[in-house]
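Presented below is the structure to which this report refers.
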Amino acid sequence: MQHSQTIFCLLFLHCACIIDAQCPILFEIGLVHTTVNLECGDTLQLRVTAPATDSTLQINWTTNVGNIIAGEQTLAPTVNALGAYKVEVSTTIDNVVCIDEKQILVESRIREPLNIVFPESINCNQPEVLLEAIDNVNRAEYLYKWTTTLGNIVSDPNMSTVTINSGGIYNLQRTDLMGNCPVNVPVVVFEERIANFYFDFLPPDCEQTRAIISFTNIIGGSGTFTYSIDGGTTFKEEPDFFIPIEGNYSLVVKDESNNCVLAKDTMLAFIPIVQELSLLKEISLKKGATYQFPLNMNLPDFLIEEIQWSPTVGLSCTDCPNPFLTVSQNQSYQVIVRDINGCEAEASIEVLIAKSTDTYIPTIFSPNLDGRNDRFIIHANTKKVSKIQELLIFDRYGSLVFENNDFLPNNPAKGWDGRFKNQDMPTGIYAFFAQIELVDGTTKLFSGPITLVR
């Protein structure tokens, strides 16, 4: 680009210049090349030409990021760094200042390519991996330097190959022995193992009577997970679990893509809510018989605020869990239980006067192998009873401990020996349900408490 300035010399004053006149000659800097290459570690002499003139030339070189080491006010400066170099040359001809400027771009010559071999990811099956430089150079003539953002280098970072144990961004820089001619290659290594997870705990209330734990915000991993609250014994795809009782739980998240797991132990404490009451729907009893209602609850007594049975006809108490009934008529009974949280549950039972079937069901037995009353047996008149369709026995928590089907009455081998899964059951009150088929084809349901004594 060519500029010109006219100089008007005023009497008794110094000369002043204004930019409004044309340079009397074609004043333009000549360039051999607009772009030149600088070999790494070397110096380079830039060269420009200026028009021939009897006037003195003013030469000035500037650079943005380069470095001029000599000849800054000559037509051939010496540089040793990459960058853009700008030269401005000016002179005065016939009182007109002529100016031109040009730019030369100094670039590096083509370097040997540098690549990195690295795995796609890190996981629990491959907790440490190698990042390896691949280039076709004499490595004794070069320096290598690994750096990372968010990752972790566990070996010497000044080698061409390093060991890492964490996902992140890694950069390899290769220079000559003087630190010149840098080549940088970045890589991203993903970490496909679970770094952390969080969970929410929702204690029970009157609407949601069971506690819930939900796995949330899984950090790391592939995104396909299964969950466990029993230390990894069982897994499921849904992240929500009902918690039956308070206690210690081992929470586990598993990455299904590589079977990597992360576990956390936690103590879950909460006050349970009355959920449901276990009570027979219907029972047939002889008139005048005494029967104790086998009400089972999911809460211990100290968490119960109030129990109310109604109506009061024939009941020994109306505010206890298992009142005795003296049967006098067909009657429907209802019980309402309220816990200390104010939550309520209710159940009902229909008591009917039974027809005589000559059936005797004991209320106590002692499985101590003394040869007397060792099994719980249903006795009946076989002229009136065809068979026992079903016999079920439950513990006080409602768990089934014995079951037998389609057998004749009066047979000790078909009765309960007081064991469950080859273990002696403890002394206590149990509940039985017996569906008995009469010879006329009709059936009757018998139920009630039985006491096991050792």
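The values are calculated or read from the model by the stated rules, or taken from the named source; none is laboratory data. Given the structure is predicted, the values throughout are model-derived calculations rather than measurements. Cβ atoms come from the backbone with ideal geometry, glycine included; neighbour counts cover every protein chain shown.
Quick notes on this one:
- Of all residues assigned to region 292-302, none qualifies as being within 21 Å of Pro362 (Cβ to Cβ) and of a type in the set (D, E, K, R).
- Residues that are at pLDDT below 70 and among the aromatic types (Phe, Trp, Tyr), drawn from region 7-35: Phe8, Phe12
- Filter result (of a type in the set (A, V, I, L, M), under 22 Å from Thr209 (Cβ atoms) and free of Cβ contacts under 8 Å to residues at least 40 places away in the same chain) within region 289-338: Leu303, Ile304, Ile307, Ile336
- Of all residue pairs spaced 6 or more apart or on separate chains, none has beta-carbon atoms under 9 Å together with a first member in region 82-97 that is without any contact (Cβ under 8 Å) to a residue 12 or more places away in the chain and a second member that is among the polar types (S, T, N, Q) and surrounded by fewer than 19 Cβ atoms within 10 Å (Cβ to Cβ).
- Residues (within 15 Å of Ile29 (Cβ to Cβ), part of a loop (DSSP other than H, G, I, E, B) and of a type in the set (S, T, N, Q)) located in region 57-83: Gln73, Thr74
- Residue ID - surrounded by the fewest Cβ atoms within 10 Å (Cβ to Cβ), chosen from residues in region 382-396 that are in a loop (DSSP other than H, G, I, E, B) and over 54 Å from the mean Cα position of the chain (by Cα): Lys383
- Leu75 being surrounded by 15 or more Cβ atoms within 10 Å (Cβ to Cβ), in contact with an Asp or Glu (Cβ under 7 Å, 6 or more places away or on another chain), assigned by TED's automatic domain parsing to the domain that holds Gly30 and not β-branched (Val, Ile, Thr): no
- Region 390-408 residues that are of a type in the set (Lys, Arg), paired with ones that are exposed (fewer than 15 other Cβ atoms within 10 Å of the Cβ) (beta carbon under 9 Å, 6 or more apart): Arg396/Gly428
- Scanning region 304-353 for residues that are of a type in the set (Phe, Trp, Tyr) and out of contact with any Ser or Thr (no Cβ under 8 Å at 6 or more places or on another chain) returns no hits.
- Scanning region 326-381 for residues that are charged (D, E, K, R) and assigned to a strand (DSSP E or B) turns up Arg338, Asp339, Glu344, Glu346, Glu350.
- Of the residues Asn248, Asn258, the single one that is closer than 26 Å to Ile271 by Cα and polar (S, T, N, Q) is Asn248.
- Cβ-Cβ contacts under 6 Å between residues 6 or more apart (or on different chains), taken from a first residue in region 410-422 that is within 20 Å of Ile388 (Cα to Cα) to a second residue that is among the charged types (D, E, K, R), are listed as Pro412/Arg375; Gly415/Arg375; Asp417/Arg375.
- One residue stands out among those in region 330-355 that are loosely packed, with under 14 Cβ neighbours inside 10 Å and among the polar types (S, T, N, Q): the one that is farthest from the chain's Cα centre (by Cα), which is Asn330.
- Lone qualifier among Leu31, Leu44 - being farther than 13 Å from Gln103 by Cβ and not hydroxyl-bearing (Ser, Thr, Tyr): Leu44
- The residues of region 221-239 include none that are without any contact (Cβ under 8 Å) to a residue 12 or more places away in the chain and either surrounded by 12 or more Cβ atoms within 10 Å (Cβ to Cβ) or assigned by TED's automatic domain parsing to the domain that holds Gln126 (or both).
- Check on Leu38, at pLDDT 85 or above, surrounded by 11 or more Cβ atoms within 10 Å (Cβ to Cβ) and not assigned by TED's automatic domain parsing to the domain that holds Asn180: no
- Criterion (more than 30 Å from Arg47 (Cα to Cα) and in contact with a strand residue (DSSP E or B) (Cβ under 6 Å, 6 or more places away or on another chain)) met by exactly one of Tyr85, Tyr142: Tyr142
- Some residue of region 206-217 being more than 30 Å from Val252 (Cβ to Cβ) and either out of contact with any His (no Cβ under 9 Å at 6 or more places or on another chain) or outside the structural domain of Val79 (by TED's automatic domain parsing) (or both): yes
- Pairs where the first residue, in region 194-206, is on the phi < 0 side of the Ramachandran plot and the second is outside any strand (DSSP E or B) and of a type outside the set (Ser, Thr, Tyr), C-beta under 6 Å, 6+ apart: Ile194/Gly221; Pro203/Phe270; Pro204/Arg210; Pro204/Ile273; Cys206/Cys343
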